[in-house]
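The structure's right below; bear with me while I get my questions together.
The values are calculated or read from the model by the stated rules, or taken from the named source; none is laboratory data. If you're wondering where the values come from, they're calculated on a predicted model, not measured in any experiment. Note that we place each Cβ from the backbone using ideal geometry, even for glycine, and neighbour counts take in every protein chain shown. Note: accessible area is taken over every heavy atom of the protein model, side chains too, but ligands, DNA and RNA are not part of it. Shrake-Rupley method; radii C 1.70, N 1.55, O 1.52, S 1.80 Å.
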Amino acid sequence: MPVDPHLLTVFTVTTIVALVTPGPDMLFVLGCGMRGGARAGLLATLGVITGDALYVVAAAAGLAVLLTTFPVVFTVLRFAGAAYLVYLGVQMIRKRKNGQVDDPAAGGMSGRRAFLNGVVSAAANPQTFTFMVAFLPQFIDPAAGPVWAQFAVLGCVLIVLEFLADGTVGVLAGRIGGWLRERQAVRRRIDAATGSLFIGLGVRLAADR
């Protein structure tokens, strides 16, 4: 095994503790599940971990130098991600007022859109990359084997655990949301609450340093 077993155990426990604490990714998946159903919640999770996987690969490839050398790239990505989340939130609230839906069969958010939104939301958040660069190396021992292989193992463990945590939240939110969406008035409130949630996440991302 390219990763020290003790470090892997500590990493797994630490990651579980971090994942059960609600963060932007979990709240994003929660909103998708509430609005689009269990399938949308699950596909939103797949989208998020796909975006995170891209950052794991980038971190393993040593692209941290890019954000370190050119801080403006970090700023541009951060504001782009924030603007995208705000846009999603505004669209949800606007369509609620106009009585529009994205996909009636999916309860207001198609699985494809949930997946793509998850990818863009995660990939447009450079703080995820910063987390990978700052967090993963703490559990890497150069003497244990190739650093890229250790990054790959830890990244896979992180992605699997995130899928289990956020996927569970997305499916449960979808099942509860599916029952609530059968009531038109409640559905409009769900769309308004989900839109406000996304806008709040965007503002938070833009304000974070």
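Can you tell me which residues in segment 20-34 are open to solvent by 20 Å² or more (accessible area, probe 1.4 Å) and at pLDDT below 80?
VAL20, THR21, PRO22, PRO24
With the structure loaded, tell me whether PHE135 is at pLDDT 75 or above and either buried (at least 22 other Cβ atoms within 10 Å of the Cβ) or assigned to a helix (DSSP H, G or I) (or both) or whether it fails that test.
Taking the combined requirement at face value, the residue does not satisfy it.
Considering every residue within segment 158-176, establish whether at least one is open to solvent by 50 Å² or more (accessible area, probe 1.4 Å), modelled with pLDDT under 75 and either in a loop (DSSP other than H, G, I, E, B) or out of contact with any strand residue (DSSP E or B) (no Cβ under 7 Å at 6 or more places or on another chain) (or both).
Within segment 158-176, not a single residue is open to solvent by 50 Å² or more (accessible area, probe 1.4 Å), modelled with pLDDT under 75 and either in a loop (DSSP other than H, G, I, E, B) or out of contact with any strand residue (DSSP E or B) (no Cβ under 7 Å at 6 or more places or on another chain) (or both).
Does THR50 qualify as being modelled with pLDDT under 85, part of a helix (DSSP H, G or I) and either of a type outside the set (Phe, Trp, Tyr) or crowded, with 19+ Cβ neighbours inside 10 Å (or both)?
no
How many residues, within segment 53-67, are modelled with pLDDT of 75 or more and not aliphatic (A, V, I, L, M)?
1
Let me ask another. Run GLY145 past the list (1) at pLDDT 75 or above; (2) open to solvent by 60 Å² or more (accessible area, probe 1.4 Å); (3) farther than 20 Å from PRO24 by Cα and report the number of the one that doesn't hold.
(2)
Still on this structure: If I filter segment 110-125 down to residues being at pLDDT below 80 and either part of a helix (DSSP H, G or I) or among the aromatic types (Phe, Trp, Tyr) (or both), which single residue comes out as surrounded by the most Cβ atoms within 10 Å (Cβ to Cβ)?
The qualifying residue surrounded by the most Cβ atoms within 10 Å (Cβ to Cβ) is SER121.
So ALA38 passes all but one of these: (1) over 14 Å from the mean Cα position of the chain (by Cα); (2) among the small types (Gly, Ala, Ser); (3) surrounded by 21 or more Cβ atoms within 10 Å (Cβ to Cβ). Which condition number does it fail?
With respect to (1) over 14 Å from the mean Cα position of the chain (by Cα); (2) among the small types (Gly, Ala, Ser); (3) surrounded by 21 or more Cβ atoms within 10 Å (Cβ to Cβ), ALA38 is out only on (3).
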